[in-house]
1. Can you name the helices (runs of 4 or more DSSP H) wholly within segment 302-358 that have at least 3 residues being of a type in the set (D, E, K, R)?
2. Determine whether PRO65 is over 14 Å from the mean Cα position of the chain (by Cα) and outside any helix (DSSP H, G or I).
3. State whether one or more residues within segment 341-363 are in contact with a helix residue (DSSP H, G or I) (Cβ under 8 Å, 6 or more places away or on another chain) and over 24 Å from ILE63 (Cβ atoms).
4. Are any residues in segment 224-247 touching a helix residue (DSSP H, G or I) at 6+ places or on another chain (Cβ under 8 Å) and within 13 Å of ligand 2 (Cβ to nearest atom), and if so, which ones?
5. Just to check your reading of the model, which residue among VAL149, VAL168 is within 16 Å of ligand 3 (Cβ to nearest atom) and at pLDDT 95 or above?
6. Within segment 161-213, can you find the residues that are within 23 Å of VAL67 (Cβ to Cβ), away from ligand 1 (no atom under 15 Å from the Cβ) and either open to solvent by 10 Å² or more (accessible area, probe 1.4 Å) or of a type in the set (Gly, Ala, Ser) (or both)?
7. Do the conditions hold for ALA154, that is, is it out of contact with any His (no Cβ under 7 Å at 6 or more places or on another chain), aliphatic (A, V, I, L, M), touching a residue at least 40 places away in the same chain (Cβ under 8 Å) and within 23 Å of ALA232 (Cα to Cα)?
8. Residues of segment 151-175 being within 14 Å of ligand 2 (Cβ to nearest atom) and assigned to a loop (DSSP other than H, G, I, E, B), which ones?
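The values are calculated or read from the model by the stated rules, or taken from the named source; none is laboratory data. Only a predicted model underlies this, so the values are computations on that prediction, with no experimental measurement involved. Neighbour counts are summed over all protein chains in view; Cβ atoms, including those assigned to glycine, are modelled from backbone coordinates with ideal geometry. Just so you know, the surface numbers come from the protein's heavy atoms only, side chains and all, with ligands and any DNA or RNA stripped out. Shrake-Rupley method; radii C 1.70, N 1.55, O 1.52, S 1.80 Å.
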Amino acid sequence: MSTKPSTQPLLIRNADIVTADSRYRADIYAEGETITRIGQQLEVPVGAEIIDATGRLVFPGFIDPHVHLYLPFMATFAKDTHETGSIAALVGGTTTYLEMCCPSRLDDALEGYELWKSKAAGASACDYSFHMSVTRFEKHTEAQLREIVRDGIASFKIFLAYKDFFGVDDGEMYQTLRLAKQLGVITTAHCENAELVGRLQANLVAEGKTGPEWHEPSRPESVEAEGTHRFATFLENTGAAGYVVHLSCAGALQAAIAAKQRGTRLWVESVLPHFLLDKTYAERPGVEGRKHVMSPPLRDRRNQRVLWDALAAGLIDTVGTDHCPFDTAQKELGESAFTQIPNGIPGIEERVNLLYTYGVKRGTLDLHRFVDVASTRAAKLFGLFPRKGTIAVGSDADLVVYDPSYRGTVSAKTQHTNCDYSGFEGFALEGRPAVVTVRGRVQVRDGVFVGERGRGRLLRREAGY
Ligand code: URP
Ligand code: ZN
Ligand code: ZN
């Protein structure tokens, strides 16, 4: 591990700088954690670390708007710590993540918030913040949420799914959105109809349909479309701003687009698995299928084209991962019934490279949209811009010097996330970060973490959406 001081100045020479709306060649100089100069032929100050970016692209640090690291869920815990998850994130070019802080309905919200903060503090190697889940709404909830927002949190999270565990009813959704509107925070939502999911699951299991291939039929597209439409209707009638997480299919997208067209303040996230994997992965026999169980489920393949087109057209605003690592032993908890399979697929390490390879390199995604959906838009929505999400004087020196000539393959054997499989095993990669910096400090070189553990800081919101 490197022992260089974190304040060492950094000069990136010959950078082909790509942001969400510009591309130009310049040198970038960072001192004391922020970018202090961008220009031609900058002089080299004494003691500066110099990186030659010739032949590379230089992007703002990427932001994953949806991850789970500490997560008690479905009778077990997600496998990553903030240490392992942040190193995986950084190796893949993600310099900031937003973790879902998810106390259950039985837990106290404020205690949960403190617990989630304690798991990240001193452990994460990159910067982070939280979406604060509201999993029940009682008398004291409003005061607690006000306190959490005062602490700098910019977004709430609600689940319309996972009845009795994380899920809220319509009354609780209404109260959450009313408060969010007052506080000027955005509410993110998992949109599936919990009642229908429960009924369909019970019917399938009663018919002896217990394998992972029945997970998707238990949460069909119409169930997600209904959740998305209902969330949008509540936004419309409260005036609150909302963000649909992990939108997976055409029906839900249509509901979101219709709401946007009516003027609802609604943004849409889709996540990596839904762009690249389809339901046949979950139909594989045994644990191979269980590895690919997440919610909303992997869908019929026809939805992938719909999502890529919507991303290119600006109808999907961000691409996250919903990184949620449960290993194969944990997936076996669902051996006797798909309803017991811990839901989730890891992806924090692969997001940027797979999006670059299958979006930009395949000609589906413009390079600037790529930066926007993987970094800038999330920074703007969640109160981090322009500190994060761009390359500008005054911004944090979170930089990804990207090597577009790299060729590789995704493999669980070489990944840094604490999981014994990859949902994207064998996928080709055409590009990866050569250097990744966090606030001016080199954290990664050529796929190797070389930086400072625990460097990450909790980011507090700077501006509203
Ligand atoms: O399957 C998933 N998505 N697991 C994580 C929890 C959630 O719904 O985001
Ligand atoms: Zn979810
Ligand atoms: Zn999630």
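1. Values: elements: 302-313, 328-331, 351-355.
Per the criteria, 302-313.
2. Numbers: over 14 Å from the mean Cα position of the chain (by Cα): no; outside any helix (DSSP H, G or I): yes.
So PRO65 does not fit the description; no.
3. Checking segment 341-363: at least one residue is in contact with a helix residue (DSSP H, G or I) (Cβ under 8 Å, 6 or more places away or on another chain) and over 24 Å from ILE63 (Cβ atoms).
4. GLU224, GLY227, THR228, PHE231, TYR243, VAL244, HIS246, LEU247, listed by residue number.
5. On the way: VAL149 fails: within 16 Å of ligand 3 (Cβ to nearest atom).
Only one candidate passes the filter, namely VAL168.
6. ALA180
7. Working: out of contact with any His (no Cβ under 7 Å at 6 or more places or on another chain): yes; aliphatic (A, V, I, L, M): yes; touching a residue at least 40 places away in the same chain (Cβ under 8 Å): yes; within 23 Å of ALA232 (Cα to Cα): yes.
Yes; evaluated as a whole, the condition is true for this residue.
8. Correct list: LEU160, ALA161, TYR162, LYS163, PHE165, PHE166, VAL168.
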